[in-house]
Amino acid sequence: MLEIGTRSGGSALLMLRVLADVYRRPARPPLVITVDPYGSRPYEGASYRYDETHYGAMKRALARYPNHIHYMMDSALFLRELDRLYLWIEGVERPLERFTLVYLDGSHDPDIVWHEIEQLRSRVVPGGFLIVDDTDWFGGEVRHRLDAAAARGGGGGGGSKIEFGETIERFAGHLLLRPYGLVGIRGDCDFLLWQVAEDLDSLVALQTALNRTDLGAYLTLPYSYLAMTRRSIYEFPEASSQPSRLVIRPSDARYLFVYPFTKTRPWYMLPRPERQVMMDEHVRIGRKYPSIRLNTTYSYGLDDQEFIVAFEGDNPADFLDLVMELRESKASSYTLRDTPTFTCVQMSLWDLLDTLGGAGAAQAISRRPARADGYTPVATLADLPPGASRRVYAAGEAVALFNVNGTVYAIANRCTHARASLSEGAVDPERCVVTCPWHEGVFSLETGQVLGGPPSLPVAAYRVKLEGDTVLIAPAEAREPTVVPFPLPRP
Ligand code: FES
């Protein structure tokens, strides 16, 4: 348990009683860490001065408690040092990573309290508590911020999904990331995240950040496959439909079929020309199915399998036929392992997170109430600089915002063809259109009309207005209140 802003230790004792009630007879008394900056003015604007009287009272209150550590430092310094603090428990060095209960004194400068909340919320174990008291100080600003965060979270996990999704989005510039859903398809995992990076450090950094999210604490990683691109040792005539083997560029295909693959050792004993003949047959069969695109990557020595094979296509039946035919090829008899197989559905990150159940990420964000004039604040210009686009939510709908040379446009985010996320599409500022990232449907940003490609139905266009730095949108069907002149003009 961690308490910041301890003063005389009364709250710590109270929390110990709560822990004793919740956990009944714990094997060992929980560790209690208290933090307060004895001897200096604690926080700018604090409602009290922490001095020797408080310190003495705290020491007396917790004196008989055997598992208590007090840090005399302000919270900013403590939080900075937290990653470097270790405990020795039964001869083992353990980092101070997670707490069952975090108790914060809310009667300080709201920015400091909010910093404490943000730094510590991901360190509370699943099912644990973060409690902030005295939130009415400073005009109740901390309480207002907590209320807003709770509304955004919506309960039931919506906020956790948003945090998880935003963490993935933050890495979008460092790695190529493709989310694929597996809910309803496989029983042992819910989604696949295809990550393409130039170095291993980026993969480590992403997974570390995801582990630190609230949702990350509930996830397991049943499968993880590592592989690299390299030139094949076999000679294949170039096929324009197949990608370069040295660069991974996922296509916009609806499905991804992935499995680890290992050859038998006798395969490697065969003379190279004999293997080349079998590989030629393999390739000949593959080319009978041009709708299926193949990515082969190599894992020798890096991971348990020898290859990771990822096929992309829009039709699972084509892939099924291809694999059945490949089973009859000669090379197939030298396959040692080609399972498990993952049939993955490409979808936007937010749709994928909503397949996990709980409150919808979209619903959670859309709890922001619309105003009396029908407009809903959805973003600030700082979030949407010229040339940028982003997805927001209003009244439960995903909306794509675009800043085209300083003018903001809003249209429904789901492409009417196959529901791709239009906020991820390419914008042509000259024509004021967006091209859908999946099959090149083209939509007008001004009207939502289809201007090209496979979609046949338009998307809704929203009205947009700015109030200072705030972007507000209203549904297309909403009308400005009509101001009727008085006296009424004669017909
Ligand atoms: S999803 Fe096919 S054009 Fe948009």
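Of the conditions (1) assigned to a helix (DSSP H, G or I); (2) touching a residue at least 24 places away in the same chain (Cβ under 8 Å); (3) of a type in the set (Val, Ile, Thr), Thr208 fails just one. Which one is it?
(2)
Working only within region 249-283, note down all residues that are touching a Lys or Arg at 6+ places or on another chain (Cβ under 9 Å) and assigned to a helix (DSSP H, G or I).
Trp267, Tyr268, Val277, Met278, Glu281, His282
For region 83-100, how many residues are without any contact (Cβ under 8 Å) to a residue 24 or more places away in the chain and closer than 22 Å to Ala217 by Cα?
Initial filter on region 83-100 (without any contact (Cβ under 8 Å) to a residue 24 or more places away in the chain): 83-86, 88-95.
Among the residues that remain, those that are also closer than 22 Å to Ala217 by Cα are: 83-86, 93-95.
Residues meeting the conditions: 7.
Taking region 146-178, which residues are farther than 30 Å from Leu256 by Cβ and either modelled with pLDDT of 80 or more or part of a loop (DSSP other than H, G, I, E, B) (or both)?
Gly154, Gly155 - these are the residues of region 146-178 that are farther than 30 Å from Leu256 by Cβ and either modelled with pLDDT of 80 or more or part of a loop (DSSP other than H, G, I, E, B) (or both).
Applying the selection to region 452-463, what residues are within 12 Å of the ligand (Cβ to nearest atom) and among the hydrophobic types (A, V, I, L, M, F, W, C)?
Step one: list which residues in region 452-463 are within 12 Å of the ligand (Cβ to nearest atom), which gives 452-457, 459.
Those that are within 12 Å of the ligand (Cβ to nearest atom) and among the hydrophobic types (A, V, I, L, M, F, W, C): Leu457, Val459.
Tell me, which strands (runs of 3 or more DSSP E) lie completely within region 1-112 with 2 or more residues that are touching a helix residue (DSSP H, G or I) at 6+ places or on another chain (Cβ under 9 Å) and at pLDDT 80 or above?
Details: elements: 2-4, 32-35, 68-71, 86-89, 92-95, 99-105.
Result: 2-4, 32-35, 68-71, 99-105.
Suppose the filter is at pLDDT 95 or above, in a loop (DSSP other than H, G, I, E, B) and surrounded by fewer than 15 Cβ atoms within 10 Å (Cβ to Cβ); does Tyr223 pass it? Can you show your working first?
On the way: at pLDDT 95 or above: yes; in a loop (DSSP other than H, G, I, E, B): yes; surrounded by fewer than 15 Cβ atoms within 10 Å (Cβ to Cβ): yes.
Yes: the conditions hold for Tyr223.
Kindly provide the set of residues from region 382-436 that are within 16 Å of the ligand (Cβ to nearest atom), assigned to a loop (DSSP other than H, G, I, E, B) and touching a Leu at 6+ places or on another chain (Cβ under 8 Å), ordered by number.
Residues satisfying the conditions are Asn413, Cys415, Thr416, Cys436.
Say we look at region 323-349 and pick out the residues that are part of a helix (DSSP H, G or I) and hydrophobic (A, V, I, L, M, F, W, C); which of these is nearest to Glu274 (Cα to Cα)?
Taking region 323-349 as the starting set, the residues that turn out to be part of a helix (DSSP H, G or I) are 323-327, 331-334, 349.
Then drop every residue that is not hydrophobic (A, V, I, L, M, F, W, C), which leaves 323-324, 326, 331, 349.
On the way: Val323: 22, Met324: 23, Leu326: 18, Ala331: 10, Leu349: 45 Å.
Among residues in region 323-349 that are part of a helix (DSSP H, G or I) and hydrophobic (A, V, I, L, M, F, W, C), the one nearest to Glu274 (Cα to Cα) is Ala331.
Considering region 302-322 alone, what residues qualify as being more than 18 Å from Val345 (Cβ to Cβ) and part of a helix (DSSP H, G or I)?
Those that are more than 18 Å from Val345 (Cβ to Cβ) and part of a helix (DSSP H, G or I): Asp321, Leu322.
Can you name the number of the only condition in (1) closer than 28 Å to Glu52 by Cβ; (2) surrounded by 14 or more Cβ atoms within 10 Å (Cβ to Cβ) that Arg80 fails?
For Arg80, the exception is condition (2).
To keep it simple, each residue is scored yes or no on (1) out of contact with any strand residue (DSSP E or B) (no Cβ under 6 Å at 6 or more places or on another chain); (2) modelled with pLDDT of 85 or more.
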| residue | (1), (2) |
| --- | --- |
| Phe307 | no, yes |
| Phe319 | no, yes |
| Glu328 | yes, yes |
| Ala331 | yes, yes |
| Pro340 | yes, yes |
| Leu352 | no, yes |
| Gly357 | yes, no |
| Arg367 | yes, no |
| Asp373 | yes, no |
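I'd like the full set of residues that are within 19 Å of Asn295 (Cα to Cα) and either touching a helix residue (DSSP H, G or I) at 6+ places or on another chain (Cβ under 7 Å) or among the β-branched types (Val, Ile, Thr) (or both), limited to region 182-204.
Of everything in region 182-204, those that are within 19 Å of Asn295 (Cα to Cα) and either touching a helix residue (DSSP H, G or I) at 6+ places or on another chain (Cβ under 7 Å) or among the β-branched types (Val, Ile, Thr) (or both) turn out to be Gln195, Val196, Ala197.
Among the residues of region 270-280, is any under 19 Å from Gly184 (Cα atoms), over 24 Å from the mean Cα position of the chain (by Cα) and modelled with pLDDT of 90 or more? Talk me through it step by step, then tell me what you get.
Just the residues of region 270-280 that are under 19 Å from Gly184 (Cα atoms), to begin with: none.
No; the residues of region 270-280 include none that is under 19 Å from Gly184 (Cα atoms), over 24 Å from the mean Cα position of the chain (by Cα) and modelled with pLDDT of 90 or more.
Give region 284-301 a look and list any residue that's buried (at least 18 other Cβ atoms within 10 Å of the Cβ), in a loop (DSSP other than H, G, I, E, B) and at pLDDT below 95, or say none.
Across region 284-301, the qualifying residues are Tyr289, Ile292.
Of everything in region 437-451, what is assigned to a loop (DSSP other than H, G, I, E, B), within 12 Å of the ligand (Cβ to nearest atom) and either surrounded by fewer than 20 Cβ atoms within 10 Å (Cβ to Cβ) or within 24 Å of the chain's Cα centre (by Cα) (or both)? Give them in sequence order.
Correct list: Pro437, Trp438, His439, Glu440.
The values are calculated or read from the model by the stated rules, or taken from the named source; none is laboratory data. As the structure is a computational prediction, the values presented were derived from the model and not from experiment. For neighbour counting, all protein chains shown are included, and Cβ atoms are generated from backbone atoms with ideal geometry for every residue, glycine included.
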